[in-house]
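Below is one structure, written out as structure tokens; comments come after it.
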Amino acid sequence: MNGPVLGLGQLEADLWKLMFLMTRVGAAMLAAPIFGARTIPVEVRIIMAGAIGLFIMLWVPVEVPGDTFSFATLVALLGEVMIGMALGFVLPVILLISLGWDNFDNLLTDRYLRFVRNSVALAAIAAGITVTFAVLLGFNARLHPTRAATAAVRVAGLGYAVPGGVIAVGLLVPFAAFDNALDAVMEARFGFNTGLLITGSVWLLIAAYVVRFMAAALSAYDAGLSTINPNMDAVARTLGRTPRGMLSGIHLPILRPSILTGLLIVFVDVMKELPATLIMRPFNFDTLAVQAHRLASDERLSEAAVPSLVIAAVGLLPVILLCLSLGNGRTARRFVPEPETA
């Protein structure tokens, strides 16, 4: 154990060493699933990081940069942040792998493959529809900047602040009433029951996803749209481009990275969405998130680790593909040969 040494100079050195250690510990806690939650106050995180840093400082000899305000110290602090963030992500993954090591054989069963297929299909369809509506709403507000168009964009983005369960109930109640009224009319007029046509269907669940995550798609699209000078639209219209041609020939090629980013964000959010899926999913239609919740609620943590890891892996794959796609696009633009001059 490294005991404290009294003295003003030593006290300053110990405080600097403690702050240096708190950098890594604080970054790890920020990235960790439990300690990084918004429900944990910042003061509690600071106190816990200080306590852990003090424990490390007393028991482990640590060398810290001597010059506090040098460039080397800044690089060392950034390194501590990166290491802490990596630990915050890696340690939970290692814990989940250790918990679910004996249950990974379940992934090869038809039941788990159906969970994966349902989750990926829902996420892909919802991401495509959500981004399509976001592009149409954003482009309409750009083309016709009226109060109605601006209000439509703002109203469409309100769903991100509403819990998924509230959106699910808000859609189920009116559509259930519509299905019941339609069934009563068809039975009275034609003598047969229509049942629940919309309520409990996959498409109503996808509609809930669209309402829930429209703000994420709009934010990604608007971020890219702000980089296009309005004069480009005016020149395109002057040259005879229709709004449809301007969108397909100018905006979409330029905004490809922003659109891919919006697709990725919505895809990952839908993959891990639980409340709306739990309430609105059709019968015998489960996803990875529902399966992980069911197993975790039964305290079967080792089995719940498997779908949780699959959700993380499936969500990570589009991120890798997006980074590779954007990187190849930049490389292709960077090495375009210059035209030869006669």
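The table that follows gives values for the structure above.
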read-out: Hits in segment 269-292 - residues which are in a loop (DSSP other than H, G, I, E, B) and either touching a residue at least 24 places away in the same chain (Cβ under 8 Å) or aromatic (Phe, Trp, Tyr) (or both); value: 272, 273, 274, 281, 282, 283, 285, 286, 287
read-out: Lone qualifier among 47, 129, 97 - being surrounded by 11 or more Cβ atoms within 10 Å (Cβ to Cβ) and in contact with a Leu (Cβ under 8 Å, 6 or more places away or on another chain); value: 97
read-out: Residue check for residue 295: in contact with a Pro (Cβ under 8 Å, 6 or more places away or on another chain) and either closer than 25 Å to residue 202 by Cβ or in contact (Cβ under 8 Å) with a residue 24 or more places away in the chain (or both); value: yes
read-out: Residue 175 buried (at least 18 other Cβ atoms within 10 Å of the Cβ) and over 16 Å from residue 126 (Cα atoms); value: yes
read-out: Set 223, 181: member being small (Gly, Ala, Ser), surrounded by fewer than 18 Cβ atoms within 10 Å (Cβ to Cβ) and in contact with a Ser or Thr (Cβ under 9 Å, 6 or more places away or on another chain); value: 223
read-out: Hey, residue 27 surrounded by 10 or more Cβ atoms within 10 Å (Cβ to Cβ), within 25 Å of residue 95 (Cα to Cα), of a type in the set (A, V, I, L, M, F, W, C) and modelled with pLDDT under 75 or not; value: no
read-out: Entirely in segment 128-229, the helices (runs of 4 or more DSSP H) that have 2 or more residues that are at positive phi, in contact with a helix residue (DSSP H, G or I) (Cβ under 9 Å, 6 or more places away or on another chain) and assigned by TED's automatic domain parsing to the domain that holds residue 272; value: none
read-out: Number of positions in segment 130-168 that are in contact (Cβ under 8 Å) with a residue 60 or more places away in the chain and under 23 Å from the mean Cα position of the chain (by Cα); value: 15
read-out: Filter result (within 13 Å of residue 164 (Cβ to Cβ) and in contact with a Ser or Thr (Cβ under 9 Å, 6 or more places away or on another chain)) within segment 253-270; value: 270
read-out: Which listed residue, of 232, 271, is closer than 23 Å to residue 130 by Cβ and either within 14 Å of the chain's Cα centre (by Cα) or at pLDDT below 90 (or both); value: 271
read-out: Flag if residue 263 is over 30 Å from residue 170 (Cα atoms) and out of contact with any strand residue (DSSP E or B) (no Cβ under 8 Å at 6 or more places or on another chain); value: no
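The values are calculated or read from the model by the stated rules, or taken from the named source; none is laboratory data. If you're wondering where the values come from, they're calculated on a predicted model, not measured in any experiment. Note that we place each Cβ from the backbone using ideal geometry, even for glycine, and neighbour counts take in every protein chain shown.
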